[in-house]
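Written out below as structure tokens is the structure these notes cover.
The values are calculated or read from the model by the stated rules, or taken from the named source; none is laboratory data. As the structure is a prediction and not an experimental result, all values here were calculated from the model. FYI the Cβ positions are ideal-geometry reconstructions off the backbone, even for glycines, and counts take in every protein chain you see. These area figures cover heavy atoms from the full protein model, side chains too; ligands, DNA and RNA do not enter into them. Shrake-Rupley method; radii C 1.70, N 1.55, O 1.52, S 1.80 Å.
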Amino acid sequence: MKYDAQDCELVAKAQLTATIYDFRLKNPALAAITRPGQFVQVLVPSKTLRRPISVCDVEGDVLRLVFEVRGEGTALLAQTKVGEIINLIAPLGHGFTLEPDKKTIFVGGGIGVPPLLYSAKQCGQNAIVINGFRQRSAVILEDDFRQAVGQLILTTDDGSYGLPGFVTQPLEELLPQADRICACGPMPMLKNIAKLAQQYHVPCEVSLEQRMACGIGACLGCAVAVKEADGRVIYRHVCKDGPVFDSQCVAWDGEKPQPVTSNTPDKKPNEKEGQ
Amino acid sequence: MADLSVKIAGVSFKNPLIAASGTIGFGREYREFYPLSVFGGISCKGTTLHERPGNPPPRIAETPMGMLNAVGLQNPGVQHFIEEDLPWLKQQDTVAIANVAGSTAEDYCQTVELLSETDIDMIELNISCPNVKEGGVQFGTSCDSAAAITKAVRRHCKKPLIIKLSPNVADIASIAQAVESEGADAVSLINTLTGMRIDIRTRRPIITNNTGGLSGPAVFPVAVRMVWQVKNAVQIPVIGMGGITTWQDAVEMLIAGADALQIGTALFTDPYAPVKINEGLNRYLDENGLTSVTELTHTIQPYG
Ligand SMILES: Cc1cc2nc3c(=O)[nH]c(=O)nc-3n(C[C@H](O)[C@H](O)[C@H](O)COP(=O)(O)OP(=O)(O)OC[C@H]3O[C@@H](n4cnc5c(N)ncnc54)[C@H](O)[C@@H]3O)c2cc1C
Ligand code: FES
């Protein structure tokens, strides 16, 4: 079994901030095969589309999901009571390339922080984590990270907690001693991290989001433009090819695939068919 | 246990449930949940003569009781389908249907000709994709153009030919008649209804294509109506689809006039929907003393 749709019991529920919830869902079969950095598709009653949420952690038989209420679906989900059943398709996608014996910097921004916990745990003392938030009231999972990793740095945009400013400042200082970067958060943050990683020649992977339907690679709904080794831009899919991508492959500047109009094997990307 | 098997244009299906094109790819990902023989058939992701990159994201938006999509026929081209996907699908104990789209009549004909030389079981002609500017829908919105493309393709097609009809028309029944008269072996309907969602904060459409195809339970009553109208107008088999989610929906669509069914968006909500629909359908047939699902088709008792 690579993934399945199964019922899970909500065994514990906590509210971490005004809008962020922490769910613990029990399902031994799914928990046993979930790897760091994967995600699940959550069925929300009365909604046609499931909601993709990252696995924050696996604790024995339990999958931990931390999510923010954004729209109707997550608002409905937040109303689930302990003891009730939630159906998940899990586990989905593939996570970060982890080398636990190498110095790895994990960089999270806002609701991009929870998806890093399980991965950062794998690197233990070799993990340096930089988590950035808007302000003090938005800070989440501080204790969880502090217990699990070698070093935790917090930043807030308004300076109300931890270092003032963005995650990229402490990141740049630490980059010379880093072997890898794993990042999750808003696109502008990820783009800046990708730039720094390139500058310092540190391998960097980013976890991306896109609107999804199937969640398993069948509908081609969750496209993301990526650059191939030969420079060609193509659409890959966040649910199946990601959600984690090599930061150097992501088309950060809005590059789009060229229409392909020839079937010949030696086609050039810009070749146009005479019509 | 009633007999769920149906025959469409000479092709036997174990049960009337066909996976709808575009929702299941070529079946590989759903094979992880169950054997694909759960489906009577699979209509594969729309294929075109040449590779197509598809539309820029976002391609998906949720709507009340449904969704919009504008994937834009992303596919690796028919040659890739024939070499890489078809041999695998032919081993899955389900009817393999190629769904063909194109920008020109020549594209359609060439693609169909290539497929005719393979062991694909049927061809479904997509003349109703609303999501690409040059993508076939212009063939599907008038009787004349639908008849013309059917006639052209028919000459190149050695396989049973299904024409997939667009609901974005004034009179779907006369389009069905037009393709029937040019040699279509069956019709399938409805493709998605063109729709739109706008983010009220940014005033921008949610999907980058601006408009997309609406599917899911929201379109089901429209689909039932159109299947009924088309069934009343043609002799060839009618494959009904559009928002079928539960076994009750399947029964309703059969009663309206469907000889077989397609299910798509329901897979996203519940991948196991086809298993549940087949079970429920079977129970319903037993409880109503019907020995074959074919006895249900077009048994509607309309008001005069
Ligand atoms: C791989 C992946 C992992 C994610 N992990 C987390 C997580 O761990 N915690 C968390 O809080 N959020 C996570 N998200 C974002 C989360 O999926 C969205 O916030 C959520 O879908 C919004 O649903 P809604 O019903 O509240 O919003 P609505 O606006 O009502 O949703 C409408 C539709 O848009 C989709 N949608 C809206 N925003 C997003 C988005 N940012 N990404 C993808 N789809 C979206 C919804 O899924 C739904 O189909 C993740 C997204 C992806 C793709
Ligand atoms: S959501 Fe269907 S392919 Fe990714």
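Of all residues in segment B:86-107, those satisfying the criterion of being modelled with pLDDT under 95 and open to solvent by less than 10 Å² (accessible area, probe 1.4 Å) are B:ALA101, B:GLY102. When you check B:GLY280 against the structure, is it of a type outside the set (A, V, I, L, M, F, W, C), over 19 Å from B:SER12 (Cβ atoms) and open to solvent by less than 10 Å² (accessible area, probe 1.4 Å), yes or no? Yes: the conditions hold for B:GLY280. Quick one: in segment B:33-56, which of the residues that are more than 21 Å from B:ALA101 (Cα to Cα) and touching a strand residue (DSSP E or B) at 6+ places or on another chain (Cβ under 7 Å) is farthest from the other protein chains (Cβ to nearest Cβ)? Checking each candidate, the answer is B:GLY40. Within segment B:23-32, is even one residue facing another protein chain (nearest Cβ under 10 Å), aromatic (Phe, Trp, Tyr) and in contact with a helix residue (DSSP H, G or I) (Cβ under 8 Å, 6 or more places away or on another chain)? Yes: one or more hits. Just one of the listed residues (A:GLY110, A:GLY132) is on the phi > 0 side of the Ramachandran plot, modelled with pLDDT of 95 or more and away from chain B (no Cβ under 14 Å), and it is A:GLY110. Just one of (1) open to solvent by 10 Å² or more (accessible area, probe 1.4 Å); (2) facing chain A (nearest Cβ under 7 Å) fails for B:LYS14. It is (2). Report yes if some residue within segment A:117-125 is touching a strand residue (DSSP E or B) at 6+ places or on another chain (Cβ under 8 Å), open to solvent by less than 10 Å² (accessible area, probe 1.4 Å) and within 16 Å of A:PHE23 (Cα to Cα); otherwise report no. Yes, the conditions are met somewhere in segment A:117-125.
Highlighted here are the strands (runs of 3 or more DSSP E) found entirely within segment B:1-99 that include at least 1 residues which are without any contact (Cβ under 8 Å) to a residue 60 or more places away in the chain and of a type in the set (A, V, I, L, M): B:41-43. Selection of segment A:1-58 for residues being surrounded by 20 or more Cβ atoms within 10 Å (Cβ to Cβ), within 14 Å of chain B (Cβ to nearest Cβ) and under 29 Å from A:GLU99 (Cβ atoms) yields A:TYR3, A:LEU30, A:VAL40, A:GLN41, A:PRO52.
Every listed requirement among (1) touching a strand residue (DSSP E or B) at 6+ places or on another chain (Cβ under 8 Å); (2) open to solvent by 50 Å² or more (accessible area, probe 1.4 Å) is met by B:ILE263 save one, (2). Could you tell me whether B:ALA170 is over 26 Å from B:GLY41 (Cβ atoms) and either open to solvent by 70 Å² or more (accessible area, probe 1.4 Å) or outside any helix (DSSP H, G or I) (or both)? Here the answer is yes, as B:ALA170 does meet what is asked.
So that you can scan it fast, the table gives a plain yes or no per residue for (1) in contact (Cβ under 8 Å) with a residue 24 or more places away in the chain; (2) of a type in the set (Ser, Thr, Tyr); (3) part of a strand (DSSP E or B):
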position	(1), (2), (3)
B:LEU214	yes, no, yes
B:ALA218	yes, no, no
B:MET226	yes, no, no
B:THR245	yes, yes, no
B:LEU254	yes, no, no
B:PRO271	yes, no, no
B:VAL275	yes, no, no
B:ASN282	yes, no, no
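On inspection, A:ILE85 passes the criterion of being touching a Cys at 6+ places or on another chain (Cβ under 9 Å), among the β-branched types (Val, Ile, Thr) and either within 14 Å of another protein chain (Cβ to nearest Cβ) or exposed (fewer than 13 other Cβ atoms within 10 Å of the Cβ) (or both). Across segment A:223-241, the number of residues qualifying as in contact with an Asp or Glu (Cβ under 9 Å, 6 or more places away or on another chain) and either closer than 21 Å to A:PHE96 by Cβ or assigned by TED's automatic domain parsing to the domain that holds A:MET187 (or both) comes to 6.
Please verify whether segment B:201-218 includes one or more residues that are within 24 Å of B:VAL275 (Cα to Cα) and surrounded by fewer than 23 Cβ atoms within 10 Å (Cβ to Cβ). Checked segment B:201-218: at least one residue is within 24 Å of B:VAL275 (Cα to Cα) and surrounded by fewer than 23 Cβ atoms within 10 Å (Cβ to Cβ).
For segment A:249-260, the candidate set comprises residues that are within 9 Å of chain B (Cβ to nearest Cβ) and not β-branched (Val, Ile, Thr); within that set, the residue that is surrounded by the most Cβ atoms within 10 Å (Cβ to Cβ) is A:PRO257.
Taken together, the criteria place B:THR63 among residues that are over 18 Å from B:GLU113 (Cβ atoms), open to solvent by 10 Å² or more (accessible area, probe 1.4 Å) and within 12 Å of another protein chain (Cβ to nearest Cβ).
Answer with yes or no whether A:VAL62 is crowded, with 18+ Cβ neighbours inside 10 Å, more than 8 Å from ligand 1 (Cβ to nearest atom) and closer than 24 Å to A:ALA138 by Cα. Spelling it out, it is not the case that A:VAL62 is crowded, with 18+ Cβ neighbours inside 10 Å, more than 8 Å from ligand 1 (Cβ to nearest atom) and closer than 24 Å to A:ALA138 by Cα. Check whether at least one residue in segment A:43-62 is farther than 25 Å from B:GLU32 by Cα, part of a strand (DSSP E or B) and hydroxyl-bearing (Ser, Thr, Tyr), and report yes or no. No - not one qualifying residue is present in segment A:43-62.
Taking the listed residues A:ILE53, A:ILE33, the one that is more than 11 Å from ligand 1 (Cβ to nearest atom) and of a type in the set (Val, Ile, Thr) is A:ILE33, with no other qualifying.
Over 18 Å from the mean Cα position of the chain (by Cα), within 14 Å of another protein chain (Cβ to nearest Cβ) and part of a loop (DSSP other than H, G, I, E, B): does that describe B:ILE207? Criteria met by B:ILE207. Residues that are of a type in the set (A, V, I, L, M, F, W, C) and assigned to a loop (DSSP other than H, G, I, E, B) within segment B:284-304 comprise B:LEU290, B:LEU296, B:ILE300, listed in sequence order.
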